[in-house]
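One structure is given here, and the rest of the page talks about it.
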Amino acid sequence: MADALTAAYALRLGDDALILSHRLSEWVGHGPELEEDIALANTSLDLLGQARLLLACAGEREGKGRDEDALAYGRDVLDFSNLLLVEQPNGDFAQTMVRQFLFDAYAVELWPRLSASRDEALAGVAGKAAKEAAYHVEQSAAWVVRMGDGTEESHARAQSGLNLLWPYAGEIFEADEVEAALAEKGIAVAPSALREHWQARVEPVLEEAGLAPPEGAGVRKGGRQGRHSEHLGHLLAEFQFMQRAYPGAEW
Amino acid sequence: MYTQGLNQAVEDSGPEDAELLARFQAKIDREEKIEPNDWMPEAYRQTLIRQISQHAHSEIVGMLPEGNWLTRAPSLRRKAILLAKVQDEGGHGLYLYAAAETLGISRAEMVDRLLEGRARYSSIFNYPTITWADIGAVGWLVDGAAIMNQIPLCRCSYGPYARAMIRICKEESFHQRQGYEAISRLAKGTAAQKRMAQDALDRWWWPSLMMFGPSDADSPHTGRSMRWKIKRFTNDELRQKFVDATVPQARLIGLEPPDPELRYDEESGHWHFGEIDWTEFNEVLAGNGPCNRERMAARRKAHADGAWVREAATAHARKKQSRMAMAAAAE
């Protein structure tokens, strides 16, 4: 049965995972240490796995015959609904890890709650993702602390990553009619309900790292509605190249 | 993935105790493993350090040509497979560095040798991955050639290396199958896909045959490595095995290796193949392959860009330790 709301919700979560996975995959082979290279690939792979399940679920609920690849490779910027945070460029390792931590601290609160969703498919994905997110946040929080506390240079880099990315964190907790309607039915988790839990995770880590969120930074949003930053178009140009160059071919 | 260092000489460092040497050789002859704390001739140690570290470097540098397609994989399934594969290569590198460390060298020293150009990695990774079909070809041919070399290494006389190779071979065999499956899909696909697949075979065929190293006639140190059971088959034996296995695989999917002399020899039961261009082999080895400079530049850049990260981790660990010591003292 077509269910446009659930399809839109699954697509949002799937797009977050897909785009963040892609960003992390850009690092592979170029990490600061072999162990971190492997960890970045591993996290990227976890997120890609989540994305595939969520996009497949979105395609099914949408009922237009689009599979995971049709959704991943066949849409343009306006139809992507990921958070602006996850499409921001990697920058240096500090920027990548701050971005990851801000996202992981949300994901680790989202997935366990969503695993109680009344939608069985979403609950299933969420159960798997919850375990992965727990590892991810441990890893990214540890790096935020190491870099914030480490050397003068690493501290400056981590703080500048935080200054750059903090304005994008606010979008995580914005909800529109999609989440509101589904949360009421026990299918989705209302993002606004996660804010204080996210803060309770983020604040102690930043404190231990000696980092402070920028004052008066405002909130950058629009991703959920397809109003993206300039970066997404470039990412898609690379990501979708093969499917665009060879339409209809099977791989 | 693979190391090319099987034939490089390590000079004997001088006279060693004849009795120890005899006992060492007897142990090898009984097919017993040499372990890190056992006595071993210095040349055996150095040969293994060189071979295992080259193997590890090859895994790490090998992440680059494949990583080149991570952001452009043509489907989510292919992207997931490639990510998992490249992650495996990193894991193999880690595992092999650890095996080499049991011989008394640090990973940092091995990495320095690579970055300073004093250590080699497999020359195959100095070739570019130009199209998506190259990802299939690398899995099928490069990992296929690597497996031919590596399966005998599971019985290598040095325990830590042999054990590492058992796990690595399992994963490499999966890599080879996925590579063949990927290129088969192209060979059965559209005209453009088929062209891409044949082109990849054309470019990767000869370099893959070169992966087995110089021919036996030009491989003077094979004898000692075989006596020490670091090596079990000669370069030419392994190369022939690879050709025998691979030609039928290519033809099965309608692809043709770029060798006009290729023909099946009923008498010997082997595929006869043409002469390898050893000039090309030596040129790539000497640093003049298509991507030697790019690969080393990428490794050096990652290492240099990561310096502040590694320093931060060390500084944080030190601070944490001293804070804990101060807290303990205050109690």
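Checking each residue in region A:174-190 for being part of a helix (DSSP H, G or I) and free of Cβ contacts under 8 Å to residues at least 40 places away in the same chain picks out A:Glu177, A:Ala180, A:Ala183, A:Glu184. Residues in region A:145-184 that are in contact with a Pro (Cβ under 9 Å, 6 or more places away or on another chain), among the aliphatic types (A, V, I, L, M) and at pLDDT below 95: A:Ala175 only. Say whether the condition of being without any contact (Cβ under 8 Å) to a residue 12 or more places away in the chain and either outside any helix (DSSP H, G or I) or surrounded by fewer than 23 Cβ atoms within 10 Å (Cβ to Cβ) (or both) is met by at least one residue in region B:113-129. Looking through region B:113-129, at least one residue is without any contact (Cβ under 8 Å) to a residue 12 or more places away in the chain and either outside any helix (DSSP H, G or I) or surrounded by fewer than 23 Cβ atoms within 10 Å (Cβ to Cβ) (or both). Scanning region B:163-172 for residues that are in contact with a Lys or Arg (Cβ under 9 Å, 6 or more places away or on another chain) and outside any helix (DSSP H, G or I) turns up nothing. From the list A:Ala142, A:Ala158, which one is in contact with a Gly (Cβ under 8 Å, 6 or more places away or on another chain) and either without any contact (Cβ under 8 Å) to a residue 60 or more places away in the chain or not polar (S, T, N, Q) (or both)? Every option except A:Ala158 fails the conditions.
Of the residues B:Thr190, B:Thr222, the single one that is within 29 Å of B:Gly93 (Cβ to Cβ), surrounded by fewer than 21 Cβ atoms within 10 Å (Cβ to Cβ) and hydroxyl-bearing (Ser, Thr, Tyr) is B:Thr222. The residues in region B:303-331 that are among the acidic types (Asp, Glu) and either closer than 24 Å to A:Leu34 by Cβ or in a helix (DSSP H, G or I) (or both) can be counted, and the count is 2.
Taken together, the residues in region B:55-67 that are out of contact with any Pro (no Cβ under 8 Å at 6 or more places or on another chain) and either closer than 16 Å to A:Ser25 by Cα or surrounded by fewer than 24 Cβ atoms within 10 Å (Cβ to Cβ) (or both) amount to 6.
Listed here are the helices (runs of 4 or more DSSP H) enclosed by region A:1-99 that have at least 1 residues being of a type in the set (Val, Ile, Thr) and in contact with a helix residue (DSSP H, G or I) (Cβ under 9 Å, 6 or more places away or on another chain): A:4-25, A:34-62, A:84-87. Of the helices (runs of 4 or more DSSP H) entirely within region B:191-302, those holding at least 1 residues that are closer than 30 Å to B:Met40 by Cα occupy B:222-227, B:235-252.
In this entry, B:Ala250 passes the filter for residues that are under 26 Å from B:Gly62 (Cα atoms) and either among the polar types (S, T, N, Q) or more than 14 Å from chain A (Cβ to nearest Cβ) (or both). Just so you know, in region B:19-77 the residues that are aromatic (Phe, Trp, Tyr) and touching a Ser or Thr at 6+ places or on another chain (Cβ under 9 Å) include one that is modelled with the highest pLDDT, and it is B:Trp69.
One residue alone among B:Ala286, B:Ala298, B:Ala304 is within 14 Å of chain A (Cβ to nearest Cβ), under 19 Å from the mean Cα position of the chain (by Cα) and small (Gly, Ala, Ser), and that residue is B:Ala298.
Applying the condition of being polar (S, T, N, Q) and assigned to a helix (DSSP H, G or I) to region A:124-173 and asking which residue is surrounded by the most Cβ atoms within 10 Å (Cβ to Cβ) yields A:Ser154. All conditions in (1) within 11 Å of another protein chain (Cβ to nearest Cβ); (2) buried (at least 20 other Cβ atoms within 10 Å of the Cβ); (3) under 17 Å from the mean Cα position of the chain (by Cα) hold for A:Glu26, with the sole exception of (2).
For the residues B:Ala98, B:Ala137, the requirement of being surrounded by fewer than 19 Cβ atoms within 10 Å (Cβ to Cβ) and either assigned to a helix (DSSP H, G or I) or at pLDDT below 95 (or both) singles out B:Ala98. If you go through region A:212-247 and keep only what is out of contact with any Ser or Thr (no Cβ under 8 Å at 6 or more places or on another chain), within 13 Å of chain B (Cβ to nearest Cβ) and either among the β-branched types (Val, Ile, Thr) or in a loop (DSSP other than H, G, I, E, B) (or both), you end up with A:Gln240, A:Pro247.
For the structure I just gave you, tell me whether A:Leu182 is more than 16 Å from the chain's Cα centre (by Cα), more than 14 Å from chain B (Cβ to nearest Cβ) and of a type outside the set (Phe, Trp, Tyr). It is true that A:Leu182 is more than 16 Å from the chain's Cα centre (by Cα), more than 14 Å from chain B (Cβ to nearest Cβ) and of a type outside the set (Phe, Trp, Tyr).
The values are calculated or read from the model by the stated rules, or taken from the named source; none is laboratory data. In this text, all values refer to a predicted model and were calculated from it rather than measured experimentally. Don't worry about glycine lacking a Cβ; one is built from the backbone with ideal geometry, like all the others, and counts go over all protein chains shown.
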